[in-house]
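The values are calculated or read from the model by the stated rules, or taken from the named source; none is laboratory data. Everything numeric in this text was worked out from a predicted model, so none of it was measured. Because the Cβ atoms are built from the backbone with ideal geometry, glycine has one as well, and the counts that use them run over all protein chains shown. Ligands, DNA and RNA are stripped out before the accessible areas are found, and what is left, the full protein with its side chains, is counted by its heavy atoms. Shrake-Rupley method; radii C 1.70, N 1.55, O 1.52, S 1.80 Å.
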Amino acid sequence: MPDYIGEHIDRLVTTELKNRGMPHGFLIELYECARREAGGRPLTTLAAEGLVRSVGKGDTVFLMTGAGYPPHMPKGESDGPPGAAALARALYWGLGAVPVYVCEATHADPIIASSEAAHIMVKDFADARDLRLGAAIATAPSSSAEVAEWARAIYDEYRPKALISIERLGPNEHGFINSATGWTIGEETGIVDLTPVVTEAEERGVFSIGTGDHGNEIGFGRIHDDVKRIMPQGAKSQSGTPGGMATVCKADVLIPAMSSNWGAYGVEAALAYMLKNPDLVHSPEMDRAIVTKCLEAGGLEAMYCSTKFVVDGCEGESSMAIVQLLGDMVRLNLRDPDVGVAH
């Protein structure tokens, strides 16, 4: 049964609603490659199973997010923080976990605002862990050269049992990070390469999930060659730097989705079904609140870098509808069979 519902969750979150000016028409092929590489089972089911297997009450889960950089989106974008917040809520109430957001300092405000709109307050780690007062946040150093040492330190301190990356960009085989359309994002923007956080998870045997929508996000290293072949700038940057936008950074489970938020919502729904707790799927009204607070805190929509109620060019109401459908799917499949009085 988890594969049955996971099949339909996967279908729902890979429904493509993109403006034709952005790379489009490639999502299903990326999804099929990821699913084939994973052995053929639904990807949200694999993610939820891994979380249930790996995370117990009081265990820490890293939620890494934050994309969008100066000058247009100095605090990030509306894809990523809402998905992280929704998953933090499900992990907190469903598994008794301690969510810890991992990001750059510049992305912290929209992440905190999103989390608090999901009713998960962001506190000092000791209070979050010992008093169960919500989530915590770990902000990276401003230099990529310092990230590896910092990553080792936060693993030693927080001892996470799982890592989930939601709309976090990873480098190509030459170490360059590129946008979805193949423009290199240089260090002059203030970007920090958080790949060592993922590498540390692999070295320590920490279960990891990556979700993204184009192939330059952490996790897509599982199908690196496929992304290079499928995506228009997968193998060739528009900036003249070596390689293309396809990242080599892997995760144990990769979930391509319409938006990274939707990928996270899919994991949330699969987890709710496995734990037999439909309340773990946040409501459409809460989704509106989360995205709105993210926008107000500076996590702008990425098409026009505005506070319009939009995520990746898709109307916010469509995101709310996806949440409604995911919630209904979980609730209906957990109810006792009922054929009604007419049968």
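Within the stretch 258-275, does at least one residue satisfy the condition of being within 29 Å of residue 330 (Cα to Cα) and surrounded by fewer than 23 Cβ atoms within 10 Å (Cβ to Cβ)? Full working, then the answer.
Residues of the stretch 258-275 within 29 Å of residue 330 (Cα to Cα): 258-275.
Checking which are surrounded by fewer than 23 Cβ atoms within 10 Å (Cβ to Cβ) leaves us with 274-275.
Scanning the stretch 258-275 turns up at least one residue that is within 29 Å of residue 330 (Cα to Cα) and surrounded by fewer than 23 Cβ atoms within 10 Å (Cβ to Cβ).
Tell me which residues, restricted to the stretch 19-37, are assigned to a helix (DSSP H, G or I) and under 11 Å from residue 213 (Cα atoms).
Residues satisfying the conditions are 27, 28, 30, 31.
Could you list, ordered by first residue, the pairs with Cβ atoms under 7 Å in which the first is in the stretch 170-181 and modelled with pLDDT of 95 or more and the second is of a type in the set (D, E, K, R), at least 6 apart or interchain?
Close Cβ pairs (under 7 Å, with a partner that is of a type in the set (D, E, K, R)) amount to 170/217; 171/193; 177/193.
Restricted to the stretch 19-33, and to residues that are in contact with a strand residue (DSSP E or B) (Cβ under 8 Å, 6 or more places away or on another chain) and more than 16 Å from residue 314 (Cβ to Cβ), which residue is least open to solvent (accessible area, probe 1.4 Å)? Before the answer, list the steps.
Our first condition is that a residue be in contact with a strand residue (DSSP E or B) (Cβ under 8 Å, 6 or more places away or on another chain); within the stretch 19-33, this holds for 27, 30-31.
Going one step further and asking which of them are more than 16 Å from residue 314 (Cβ to Cβ), we end up with 30-31.
On the way: 30: 1, 31: 25 Å².
Checking each candidate, the answer is 30.
Identify the single condition in (1) among the acidic types (Asp, Glu); (2) open to solvent by 10 Å² or more (accessible area, probe 1.4 Å); (3) touching a helix residue (DSSP H, G or I) at 6+ places or on another chain (Cβ under 7 Å); (4) part of a helix (DSSP H, G or I) that residue 16 does not satisfy, given that it satisfies every other one.
(4)
Within the bounds of the stretch 77-88, is there any residue that is at positive phi, within 18 Å of the chain's Cα centre (by Cα) and crowded, with 24+ Cβ neighbours inside 10 Å? If you could, list the steps in order and put the result at the bottom.
Let us first name the residues in the stretch 77-88 that are at positive phi, namely 80.
Okay, now just the ones that are also within 18 Å of the chain's Cα centre (by Cα), so 80.
With crowded, with 24+ Cβ neighbours inside 10 Å added as a condition, the list becomes 80.
Yes, there is a match, as at least one residue in the stretch 77-88 is at positive phi, within 18 Å of the chain's Cα centre (by Cα) and crowded, with 24+ Cβ neighbours inside 10 Å.
Scan the stretch 123-136 residue by residue and report those that are within 20 Å of residue 192 (Cβ to Cβ) and open to solvent by 20 Å² or more (accessible area, probe 1.4 Å).
none
Select the helices (runs of 4 or more DSSP H) contained entirely in the stretch 101-211, then report the ones holding at least 2 residues which are under 19 Å from residue 290 (Cα atoms).
Working: elements: 108-117, 125-130, 147-158, 195-204.
Those helices (runs of 4 or more DSSP H) span 108-117.
Might you check whether a residue that is in contact (Cβ under 8 Å) with a residue 60 or more places away in the chain and hydroxyl-bearing (Ser, Thr, Tyr) occurs anywhere in the stretch 155-162? Write out each step before concluding.
If we filter the stretch 155-162 for residues that are in contact (Cβ under 8 Å) with a residue 60 or more places away in the chain, which is where we start, we get 158-162.
Checking the rest, the ones that are also hydroxyl-bearing (Ser, Thr, Tyr) come to 158.
There is at least one residue in the stretch 155-162 that is in contact (Cβ under 8 Å) with a residue 60 or more places away in the chain and hydroxyl-bearing (Ser, Thr, Tyr).
Any residue in the stretch 214-232 that is basic (Lys, Arg) sitting within a Cβ distance under 9 Å of a residue that is part of a strand (DSSP E or B) and surrounded by fewer than 24 Cβ atoms within 10 Å (Cβ to Cβ)? List the pairs, counting only those 6 or more apart or interchain.
If the second residue must be part of a strand (DSSP E or B) and surrounded by fewer than 24 Cβ atoms within 10 Å (Cβ to Cβ), the pairs left are 222/250.
Select from the stretch 276-289 the residues that are open to solvent by 40 Å² or more (accessible area, probe 1.4 Å) and part of a loop (DSSP other than H, G, I, E, B) and write down the one among them that is nearest to residue 71 (Cα to Cα).
Among those that are open to solvent by 40 Å² or more (accessible area, probe 1.4 Å) and part of a loop (DSSP other than H, G, I, E, B), it is 283.
Does the stretch 290-315 hold any residues that are open to solvent by 40 Å² or more (accessible area, probe 1.4 Å) and either in a helix (DSSP H, G or I) or among the charged types (D, E, K, R) (or both), and which are they?
Once the filter is applied, which keeps residues that are open to solvent by 40 Å² or more (accessible area, probe 1.4 Å) and either in a helix (DSSP H, G or I) or among the charged types (D, E, K, R) (or both), the stretch 290-315 yields 292, 293, 296, 308, 315.
I want to confirm something. Restricting to the stretch 316-341 and keeping residues that are at pLDDT below 95 and of a type in the set (D, E, K, R), which single residue is most open to solvent (accessible area, probe 1.4 Å)?
Going through the qualifying residues, I end up with 335.
Name the one entry in 139, 106 that is of a type in the set (S, T, N, Q) and crowded, with 22+ Cβ neighbours inside 10 Å.
None of the other options fit; the residue is 106.
Can you tell which of 51, 46 is farther than 21 Å from residue 131 by Cβ, open to solvent by less than 10 Å² (accessible area, probe 1.4 Å) and touching a strand residue (DSSP E or B) at 6+ places or on another chain (Cβ under 7 Å)?
Being farther than 21 Å from residue 131 by Cβ, open to solvent by less than 10 Å² (accessible area, probe 1.4 Å) and touching a strand residue (DSSP E or B) at 6+ places or on another chain (Cβ under 7 Å) holds for just one of 51, 46, which is 51.
Looking only at residues in the stretch 56-75 that are of a type outside the set (Asp, Glu) and in contact with a Pro (Cβ under 9 Å, 6 or more places away or on another chain), which one is most open to solvent (accessible area, probe 1.4 Å)?
Within the stretch 56-75, the subset of a type outside the set (Asp, Glu) is 56-58, 60-75.
Filter once more, keeping what is in contact with a Pro (Cβ under 9 Å, 6 or more places away or on another chain): 60-63, 65-66, 68, 75.
Details: 60: 5, 61: 0, 62: 0, 63: 0, 65: 0, 66: 2, 68: 10, 75: 78 Å².
Step by step, filter the stretch 56-75, then rank; the result is 75.
Scan the stretch 142-175 for residues that are open to solvent by 50 Å² or more (accessible area, probe 1.4 Å) and within 21 Å of the chain's Cα centre (by Cα) and jot them down.
Answer for the stretch 142-175, where residues must be open to solvent by 50 Å² or more (accessible area, probe 1.4 Å) and within 21 Å of the chain's Cα centre (by Cα): 159, 161.
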